[in-house]
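First comes the structure, then the notes that go with it.
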Amino acid sequence: MPMQAEQIENMIAAALPGAQIAIQDLAGDGDHYAAHVIWSGFAGMSRLARTRAVYAALGGKMGGDLHALQLTTAMPE
């Protein structure tokens with residue numbers, strides 16, 4: 001069952017308090033999204049650690065309910 005952009009945003013926001021999150025449905029099918037996550041908690045984390053933090057926030061939905069997520073992470077300026 002496809003996920004809604006709002007559901008993805010809510011899951012990330014719950015795990016990364018204070019994060020700025022932008023979700024875009026890339027294909028209109030609820031399976032392919034792009035997410036841009038800006039969070040001060042990424043300080044000192046490698047790119048891989050940032051990706052793992054976002055994927056962990058999705059609680060195992062990657063590869064199941066959520067087929068693809070183009071992810072961009074950043075620190076606030």
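Could you state the accessible area per residue of the chain in Å², with a 1.4 Å probe and every protein chain left in place?
Numbers: 4530 Å² over 77 residues.
Value returned for the chain: 59 Å² of accessible area per residue.
Can you order the peptides 42-48, 13-19 by their average number of other Cβ atoms within 10 Å per residue, highest first?
Working: 42-48: 11.0, 13-19: 15.0.
Descending packing order for the listed peptides: 13-19, 42-48.
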Exercise. Based on the Cβ-Cβ distance of Arg47 and Gln24, what FRET efficiency does E = 1/(1 + (r/R0)^6) give at R0 = 22 Å, to the nearest 0.05?
Worked result: 0.65
For this session: Would you mind checking which residues have amide H under 5 Å from Leu71's amide H? H placed 1.01 Å from N; only 5 or more apart, or other chain.
Result: Ala35
For this session: Can you send over the carbon and sulfur percentage of the accessible area for the chain, probe radius 1.4 Å, protein chains only?
Result: 50
Seminar exercise, completed: Pseudo-spin-label distance His36 to Ala56, built 7 Å along Cα→Cβ, given in nm, is 2.6
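The values are calculated or read from the model by the stated rules, or taken from the named source; none is laboratory data. Note that this is a predicted model, so its numbers are computed, not measured. FYI the Cβ positions are ideal-geometry reconstructions off the backbone, even for glycines, and counts take in every protein chain you see. Protein only, heavy atoms only, side chains kept; ligands, DNA and RNA dropped before computing areas. Shrake-Rupley method; radii C 1.70, N 1.55, O 1.52, S 1.80 Å.
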